[in-house]
Amino acid sequence: MASLDQFHPLIQEWFQSRFRGPTEPQALGWPEILRGNPTLIAAPTGSGKTLTAFLAAIDRLFREGLELELPEEIRVVYVSPLRALSNDMHRNLEMPLAEIHTLAEQRGLSFSPIRAGLRTGDTSPSARQAIVKHPPHILVTTPESLYLMLTGEKSREKLRTVETVIVDEIHSLIRDKRGSHLALSLERLEHLTEKPFQRIGLSATQKPIETTARFLVGSDPERECRIIDVGHHRTLDLQILTPESELGPVCTHEQWTEVNQQIVRLLEEHRSTLIFVNTRRMAERLTHQLTELVGPDVISSHHGSLAADLRQQTEQRLKNGQLKAVVATASLELGLDIGYIDLVIQIGSPRSIATFLQRVGRSGHALGLTPKGKLVALTRDEVMECMALVRGIRAGQLDRVPMPVAPLDILAQQIVAEVSMQEWGTDELYETVRRSTPYADL
């Protein structure tokens with residue numbers, strides 16, 4: 001395994017005890033990341049992208065911790081678009097870090113333990129204060145919480161030591177103003193660190209990939225991004241479903257009843273099902289209707305308006321096999337660890353090839369399994385949309401990811417935040433802003 005040879009022998013031993021071997025993104029991505037190059041990894045869901053980024057960072061920290069005491073400094077910042085994904089990632093980091101520490105002790109190696117911390121909108125005030133008092137080596141956060149840390153006097157100082165930033169599911173950020181916001185935060189962070197930090201982007205689906213790479217590293221042409229693209233094309237088991245009665249311009253109450261009966265039959269045929277809808281209101285409505293048909297305690301909903309403890313309870317019950325189905329919005333679309341899913345149902349048109357690929361990829365998540373998805377069209381227009389979508393997927397097409405150009409409301413917010421923290425010359429601030437790709441032509 002030549003790609004593993006560059007890691008410390010103990011890190012190699014841990015990896016080989018947990019996995020059969022590197023995946024393609026890992027084999028291609030590790031050499032670039034270990035050289036310190038800015039890297040974008042585009043690969044299907046379930047291909048080990050996240051570990052590709054984290055194992056290199058853990059290896060660096062482990063080697064440093066063998067030589068001397070690791071200082072309480074934030075070295076790695078992991079940014080995900082969802083609080084749920086950040087919470088999940090923080091939990092998933094604890095086990096490998098603990099296993100590596102135990103293995104080192106068994107081999108007689110003394111090193112400083114590597115600590116991970118979590119800062120999101122769900123983080124309690126006491127936990128936020130603990131991050132400032134005792135900074136973790138790896139900080140897991142969201143774009144909004146990173147912005148808040150950059151705008152807090154004490155937390156801002158703790159970010160000066162950052163050496164690596166990992167942006168997960170970057171394709172879901174680039175398409176709206178949250179991406180513009182994050183791009184400015186990264187340039188503010190780089191100005192704060194006074195030296196370039198390594199940027200690693202992880203994505204499942206994107207086109208054109210070069211635009212996403214440029215978004216990751218900024219507009220400076222001297223910042224070159226290595227692109228690891230192993231393609232998005234996978235064999236998918238797809239089917240379009242409709243109510244039994246003739247469709248019209250809107251879905252009638254009777255047709256909804258027919259759809260619910262179809263869903264119940266599918267639930268009976270599968271062990272664990274993820275049902276995606278396009279609105280939070282629809283998630284609650286469909287959960288209620290299916291619960292009346294299937295029974296209590298086996299159907300749950302998941303969306304961003306739910307309290308954090310309710311979301312996490314649903315995620316854990318789904319992972320443990322205690323739920324027959326979860327009705328979700330985009331809150332479960334990304335790489336959250338929810339265990340085995342053997343069917344994805346999309347209610348209504350997802351409006352995007354990339355979105356549907358992301359969602360159907362939640363089933364058959366492990367390598368070698370075939371994702372299985374049902375598209376439920378509710379109107380005549382949706383039948384046409386779903387047919388075009390499936391045809392595009394089978395032709396290997398992706399819709400282009402749009403990137404907002406210089407949204408001024410986001411810029412005003414970031415400028416006010418930054419000048420409140422330190423004095424800036426107008427020209428210097430202008431050039432810093434223009435180094436972010438959405439504002440390159442400002």
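The values are calculated or read from the model by the stated rules, or taken from the named source; none is laboratory data. Owing to the predicted nature of the structure, the values given are computational and were not obtained by experimental measurement. Reconstructed Cβ throughout: ideal geometry from the backbone, glycine too, with neighbour counts over all protein chains shown.
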Discussion item. So if I check each of VAL401, VAL405, which one is under 24 Å from PRO221 (Cα atoms), under 25 Å from the mean Cα position of the chain (by Cα), outside any helix (DSSP H, G or I) and free of Cβ contacts under 8 Å to residues at least 60 places away in the same chain?
Written reply: VAL405
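Taking the residues in the range 213-265 that are of a type in the set (Asp, Glu) and assigned to a strand (DSSP E or B) as candidates, determine which candidate is surrounded by the most Cβ atoms within 10 Å (Cβ to Cβ). Write out each step before concluding.
Just the residues of the range 213-265 that are of a type in the set (Asp, Glu), to begin with: 220, 222, 224, 229, 237, 244, 246, 254, 258.
Subsequent filtering for residues that are assigned to a strand (DSSP E or B) retains 229, 237.
Details: ASP229: 16, ASP237: 13.
So the residue we want is ASP229.
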Worksheet item: Where residues in the range 188-204 are touching an Asp or Glu at 6+ places or on another chain (Cβ under 9 Å) and part of a loop (DSSP other than H, G, I, E, B), which of them is modelled with the lowest pLDDT?
Response: ALA204
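Quick grid of which residues meet (1) in contact (Cβ under 8 Å) with a residue 60 or more places away in the chain; (2) of a type in the set (S, T, N, Q); (3) assigned by TED's automatic domain parsing to the domain that holds GLN313; (4) within 15 Å of ASP309 (Cα to Cα):
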| site | (1), (2), (3), (4) |
| --- | --- |
| SER86 | no, yes, no, yes |
| LEU97 | no, no, no, no |
| HIS101 | no, no, no, no |
| LEU109 | yes, no, no, no |
| ILE114 | no, no, no, no |
| GLY117 | no, no, no, no |
| SER124 | no, yes, no, yes |
Discussion item. Within the range 387-425, take every residue that is among the acidic types (Asp, Glu) and surrounded by 11 or more Cβ atoms within 10 Å (Cβ to Cβ) and give me the one that is farthest from LEU241 (Cα to Cα).
Written reply: GLU418
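List the strands (runs of 3 or more DSSP E) that sit entirely inside the range 111-174 and contain at least 3 residues that are within 17 Å of the chain's Cα centre (by Cα), surrounded by 20 or more Cβ atoms within 10 Å (Cβ to Cβ) and β-branched (Val, Ile, Thr). Before the answer, list the steps.
Numbers: elements: 116-119, 138-141, 164-167.
In the range 111-174, 138-141, 164-167 are the strands (runs of 3 or more DSSP E) which contain 3 or more residues that are within 17 Å of the chain's Cα centre (by Cα), surrounded by 20 or more Cβ atoms within 10 Å (Cβ to Cβ) and β-branched (Val, Ile, Thr).
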Practice prompt. Looking only at the range 63-86, count how many residues are touching a helix residue (DSSP H, G or I) at 6+ places or on another chain (Cβ under 6 Å) and either polar (S, T, N, Q) or in a helix (DSSP H, G or I) (or both).
Written response: 2
Discussion item. Show the residue pairs meeting these rules: Cβ distance below 7 Å; 6+ apart or different chains; first residue within the range 245-272 and within 12 Å of LEU378 (Cβ to Cβ); second residue in a loop (DSSP other than H, G, I, E, B) and among the small types (Gly, Ala, Ser).
Written reply: GLN255/SER245; GLU258/SER245
Worksheet item: Of all residues in the range 273-307, which are under 22 Å from the mean Cα position of the chain (by Cα), outside any strand (DSSP E or B) and either crowded, with 16+ Cβ neighbours inside 10 Å or without any contact (Cβ under 8 Å) to a residue 12 or more places away in the chain (or both)?
Response: VAL277, ASN278, ARG280, ALA283, HIS303, LEU306, ALA307
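Take the conditions under 25 Å from GLN316 (Cβ atoms) and not in a loop (DSSP other than H, G, I, E, B) and apply them to ALA98. Does it pass? Spell out the reasoning first.
On the way: under 25 Å from GLN316 (Cβ atoms): yes; not in a loop (DSSP other than H, G, I, E, B): yes.
Yes.
For residues that are charged (D, E, K, R) and in a loop (DSSP other than H, G, I, E, B), scanning just the range 1-26, find the one that is nearest to the chain's Cα centre (by Cα). Reasoning before the result, please.
In the first step, residues of the range 1-26 are kept if they are charged (D, E, K, R); the result is 5, 13, 18, 20, 24.
From what's left, in a loop (DSSP other than H, G, I, E, B): 5, 20.
On the way: ASP5: 28, ARG20: 24 Å.
The qualifying residue nearest to the chain's Cα centre (by Cα) is ARG20.
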Worksheet, complete the sentence: Within the range 426-442, of all residues that are within 17 Å of LEU186 (Cα to Cα) and of a type in the set (Val, Ile, Thr), the one surrounded by the most Cβ atoms within 10 Å (Cβ to Cβ) is THR437
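Picking from PRO31, PRO44, PRO38, PRO9, which residue would you name as being in the same structural domain as ARG156 (by TED's automatic domain parsing) and at pLDDT below 95?
Values: PRO31 fails: at pLDDT below 95; PRO38 fails: at pLDDT below 95; PRO9 fails: at pLDDT below 95.
Among PRO31, PRO44, PRO38, PRO9, only PRO44 is in the same structural domain as ARG156 (by TED's automatic domain parsing) and at pLDDT below 95.
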